[in-house]
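Written out below as structure tokens is the structure these notes cover.
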Amino acid sequence: MEIEITRDGSVSLLKPSEEIHFDNYKEVEAILLKEIEEGAKEVVVDLSNVTTLYSMTLGMFNNIASKIAKKGGKFSITNINSDIRRVLKATRLDKLIQIK
């Protein structure tokens, strides 16, 4: 999977090129954790190329949001479709993950 990474100071924007699913979510998680470890205070994931959130992706986002919050940072997602928004509200992850 290709993930475009743009850094601006302590903000990292990551844009996956395809769906995040069972075969690649660990790769995405490792990249997100590396950004946090390298000092990102805000991590934003652009989901414009993602149409569905699978359960393992929800769990991974929850884990990332918790880890960065413990370091005083923020995790957010942007460019989500209405189906993803509904899933985040139904699982109440919209309370933990900022939606831009």
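Computed from the coordinates by the stated procedures, all read-outs in this text should not be read as laboratory data. Note that the structure is a prediction, hence the values are computed from the model and not measured. Here the Cβ positions follow ideal geometry from the backbone for every residue, glycine too, while neighbour counts run over all protein chains shown.
When residue 39 is tested against (1) among the small types (Gly, Ala, Ser); (2) closer than 16 Å to residue 99 by Cα; (3) surrounded by 12 or more Cβ atoms within 10 Å (Cβ to Cβ), just one condition goes unmet, and that condition is (2). Residues of region 78-100 that are in a helix (DSSP H, G or I), more than 13 Å from residue 50 (Cα to Cα) and without any contact (Cβ under 8 Å) to a residue 12 or more places away in the chain: 86, 89, 90, 94, 95. A single member of 74, 34 is among the charged types (D, E, K, R) and farther than 17 Å from residue 2 by Cβ, and it is 74. Beta carbons closer than 9 Å, at least 6 apart along the sequence or on distinct chains, pair a first residue in region 51-67 that is without any contact (Cβ under 8 Å) to a residue 24 or more places away in the chain with a second that is surrounded by 14 or more Cβ atoms within 10 Å (Cβ to Cβ) and not acidic (Asp, Glu) for 59/25. Scanning region 68-100 for residues that are surrounded by 14 or more Cβ atoms within 10 Å (Cβ to Cβ) and among the small types (Gly, Ala, Ser) yields 73, 76. Determine whether region 13-25 contains at least one residue that is without any contact (Cβ under 8 Å) to a residue 12 or more places away in the chain and assigned to a helix (DSSP H, G or I). Among the residues of region 13-25, not one is without any contact (Cβ under 8 Å) to a residue 12 or more places away in the chain and assigned to a helix (DSSP H, G or I), which makes the answer no. If you go through region 45-63 and keep only what is buried (at least 21 other Cβ atoms within 10 Å of the Cβ) and outside any loop (DSSP other than H, G, I, E, B), you end up with 45, 57, 61. Considering region 46-98 alone, what residues qualify as being basic (Lys, Arg) and more than 13 Å from the chain's Cα centre (by Cα)? Within region 46-98, 70, 71, 85, 86, 89, 92, 95 qualify.
Counting only residues that are in contact with a strand residue (DSSP E or B) (Cβ under 6 Å, 6 or more places away or on another chain) and of a type in the set (A, V, I, L, M, F, W, C), region 76-96 holds 1 of them.
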